[in-house]
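Structure first, commentary second.
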There are 2 protein chains.
Amino acid sequence: MSSQPEHPTLLIPGPIEFDDDVLQSMSHYSESHVGPGFVATFGDTISMLRKLFQTTDPSAQPFVISGSGTLGWDIVAANLVEAGEDVLVLSTGYFGDGFADCFEAYGAKVTKLTPDAVGGRPQLPQIEEALKAKKYKMVTVTHVDTSTGVLSELKNLSELVKRVSPETLLVVDGVCSVACEEIQFDAWKLDGVVTASQKAIGCPAGLSISMFSGKAIEAYKARKTPPATYFASFKNWMPIMQNYEAKKPSYFATPSPQLIHALHTALTQILAKPLSERFSTHREASDRIKKAVADLGLKQVASKPEDQAHGMTAIYLPESVKATDLLPKLAKAGVVWAGGIHKEIAPKYVRFGHMGVSVTDPARKDIEKALNALSNGLTECGYKA
Amino acid sequence: MSSQPEHPTLLIPGPIEFDDDVLQSMSHYSESHVGPGFVATFGDTISMLRKLFQTTDPSAQPFVISGSGTLGWDIVAANLVEAGEDVLVLSTGYFGDGFADCFEAYGAKVTKLTPDAVGGRPQLPQIEEALKAKKYKMVTVTHVDTSTGVLSELKNLSELVKRVSPETLLVVDGVCSVACEEIQFDAWKLDGVVTASQKAIGCPAGLSISMFSGKAIEAYKARKTPPATYFASFKNWMPIMQNYEAKKPSYFATPSPQLIHALHTALTQILAKPLSERFSTHREASDRIKKAVADLGLKQVASKPEDQAHGMTAIYLPESVKATDLLPKLAKAGVVWAGGIHKEIAPKYVRFGHMGVSVTDPARKDIEKALNALSNGLTECGYKA
């Protein structure tokens, strides 16, 4: 039995439903951010991130900083790219476009590759052509774009970048993928993955979480100009992260002990089982959901099966059904879904998040509840499959 | 009776001890950041900040953004000052120096005024001279520098700035003063106050909280160059704050519903009584503490009584007593104090935070416990008053 009061089941692509123990960790009594108890908790949390990202390379550097997931973009744009340098942004939706905007705020020159149509993704030959046309400091890719549910492939992309432009850094926006999609930081030679606490990691919002390779750190150190940021600065945070992980107190800006406790609890739960099992649990739930959606005669925004995320599903509505009619019917059934946010198709689709305890805790019936609510809601809207 | 487990009493200058209801709000079940329940909570929270800052000017704009208090410096430096513009930083310690470093990261030209000696503050004639020598875009002052416990005076400072250089913006770092020291945003014609959740406001760390005047917003709009930031950008956050306050869902980056709930609870508690009462309660506790410290024959880092903060006390140790000997004795007595962090005097002093429930909740005996622990600890260290 959950210790949480009865409430609508939150099945948007983040924030997600939280485990009781994670939520209870948010109420941890107050501790000094430089006291031995909290230093040990934060240090262990940082070390656990190495396991979550599947890296054993000691030159890789994790960061956990108070902020929204979006702060991760600033960390990348401010520290790893200098004004005037070229960045190739692979965009599969709203969040790829946002990452591009962030780079431009810091003075980078952005080339954006977009798919032929919403729901697709830039293809390798197109990316290869771009990489051969110009020297890019960095390529970025949104692993799962929360606006479209499009999953981007990382392994072959990385091989392409290393083959055609080996100096170019490859950075992944993993906000909607870390802890539900496979990410092998070392094996896939990634240079950066940025994410947030409130999606598949299953910790309340408020933490920017990231991992950077030794190569990325070297690129930072080789900058000709200092980064135009203070709060998002590698220089200010790197020694702090290293000290905490070595269990030494250290201060730049006050972390949030309560959020770090919750992240510690969430990571401890995640790492108690093999990651491969976690990923396949998410895949199986996703397959079941995608089949149910197809059985209802509905299409997904992500057009090809291999481009479909496993922690969320973006679903086109039948032409006769409005999101503003359907979502309140789901809410009445106790299920909260999200509307569309991709500007070209926003009113035409809805988003269903299926990450974390809603799929990993067998005692919960969140997915079944949501699929029933969808089916009934569509019927109430006059739609017949 | 507190619902928190027994734990050492945290009396550092932030984070502070938290009220039970505030901590329980941190465990709030998961909600959509754009759902009507959370939108109402966040909107009310933003409105309550206007009362906390004592502003009724509708052109003043509050911001609540996930991040450490330090993020407030970036918000000021990135949005309100352009590269190459002059800023006058009044420094009374580590945090004034940090604010200056932050401006420099964004390319501002910083003139820093420091006191004649650690524990003092720049004086009005010195500030007037500086303001007459050069046109400054902004003057900043650390209301209470957490490294020294020095309180800066704001009302006369503001009158001076308006008289000598009326176009210059006056921005206050209120991280260690908001909710324990009087701040009259409108009456004192302040253009910005930045603070954090975990000090006198009494909410766990993780939120940057700020208020800017209509004049500051106009100065932002009159920029010749776009701000070099994305996550700390007025442009991105201003419509979001305005929409939430109008109870309309809006999205730029995911806020932390749990932290916002806790802030809502903390502000509701603070505003349930007249602010004047809250400030005098902090003053009275501070007077008692300062007297006890003097009775023990100890001096404060803040040399003059009128320059001493009311939410913390920075205390010079007797020459025979080391902080590394005394602090563990306090810890044994269940009291956590902080060591020194001002680089010129760090090993010579300790810091005692007395903000929030530790002074406002009459059922707690935190202050007496701390003063007893200090007295006993000094005796154990061989010191006689």
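The values are calculated or read from the model by the stated rules, or taken from the named source; none is laboratory data. Since the model is a prediction, treat every value here as computed from it, not as a measurement. All Cβ positions, glycine included, derive from the backbone under ideal geometry; neighbour counts span all protein chains shown. When the accessible area is computed, the model is the full protein with side chains, heavy atoms only, and any ligands, DNA or RNA have been set aside. Shrake-Rupley method; radii C 1.70, N 1.55, O 1.52, S 1.80 Å.
Residues of the range B:169-191 being buried (at least 20 other Cβ atoms within 10 Å of the Cβ), in contact with a Leu (Cβ under 8 Å, 6 or more places away or on another chain) and at negative phi, which ones?
Once the filter is applied, which keeps residues that are buried (at least 20 other Cβ atoms within 10 Å of the Cβ), in contact with a Leu (Cβ under 8 Å, 6 or more places away or on another chain) and at negative phi, the range B:169-191 yields B:LEU169, B:LEU170, B:VAL171, B:VAL172, B:SER177, B:VAL178, B:GLU181, B:ILE183, B:LEU190, B:ASP191.
Here is a list: B:ALA130, B:ALA105, B:ALA100, B:ALA77. Which entry is hydrophobic (A, V, I, L, M, F, W, C) and either modelled with pLDDT under 95 or in contact with a Lys or Arg (Cβ under 8 Å, 6 or more places away or on another chain) (or both)?
None of the others qualify; the one that does is B:ALA100.
For B:VAL87, only one of the following conditions fails: (1) within 14 Å of chain A (Cβ to nearest Cβ); (2) over 16 Å from B:SER165 (Cα atoms). What is its number?
Among (1) within 14 Å of chain A (Cβ to nearest Cβ); (2) over 16 Å from B:SER165 (Cα atoms), B:VAL87 violates only (2).
Out of B:ALA292, B:ALA266, B:ALA302, I need the residue that is within 14 Å of chain A (Cβ to nearest Cβ) and either open to solvent by less than 70 Å² (accessible area, probe 1.4 Å) or more than 30 Å from B:PRO347 (Cα to Cα) (or both). Which one?
B:ALA266
Restricting to the range A:244-253, name every residue that is open to solvent by 40 Å² or more (accessible area, probe 1.4 Å) and more than 11 Å from chain B (Cβ to nearest Cβ).
Within the range A:244-253, A:GLU245, A:ALA246, A:LYS247, A:LYS248 meet the criteria.
I need a count of the residues in the range A:84-120 that are open to solvent by 30 Å² or more (accessible area, probe 1.4 Å) and within 17 Å of the chain's Cα centre (by Cα).
Result for the range A:84-120: 2.
Would you confirm whether any residue within the range A:142-151 is open to solvent by 10 Å² or more (accessible area, probe 1.4 Å), farther than 18 Å from A:VAL87 by Cα and touching a strand residue (DSSP E or B) at 6+ places or on another chain (Cβ under 6 Å)?
yes
Say we look at the range B:341-359 and pick out the residues that are part of a helix (DSSP H, G or I) and among the hydrophobic types (A, V, I, L, M, F, W, C); which of these is farthest from the chain's Cα centre (by Cα)?
Only one residue tops the list, namely B:ALA346.
Taking A:ALA60 as the residue in question, decide whether it is buried (at least 21 other Cβ atoms within 10 Å of the Cβ) and without any contact (Cβ under 8 Å) to a residue 60 or more places away in the chain.
no
Could you check the range A:6-61 and list, in sequence order, the residues that are closer than 22 Å to A:GLU181 by Cβ, part of a helix (DSSP H, G or I), touching a His at 6+ places or on another chain (Cβ under 9 Å) and of a type outside the set (Val, Ile, Thr)?
Matches in the range A:6-61: A:MET48 only.
Restricting the first residue to the range B:18-42 and requiring it to be more than 7 Å from chain A (Cβ to nearest Cβ) and open to solvent by 20 Å² or more (accessible area, probe 1.4 Å), which pairs with a second residue that is in a loop (DSSP other than H, G, I, E, B) and among the charged types (D, E, K, R) meet a Cβ separation below 7 Å and a spacing of at least six or different chains?
Correct list of pairs: B:GLY37/B:GLU31; B:ALA40/B:LYS247.
Going by what's in this entry, would B:ALA216 be described as part of a loop (DSSP other than H, G, I, E, B) and either in contact with a strand residue (DSSP E or B) (Cβ under 6 Å, 6 or more places away or on another chain) or not assigned by TED's automatic domain parsing to the domain that holds B:ALA309 (or both)?
No.
Is it true that some residue in the range B:360-378 is open to solvent by 10 Å² or more (accessible area, probe 1.4 Å), within 14 Å of another protein chain (Cβ to nearest Cβ) and either in a loop (DSSP other than H, G, I, E, B) or of a type in the set (Gly, Ala, Ser) (or both)?
yes
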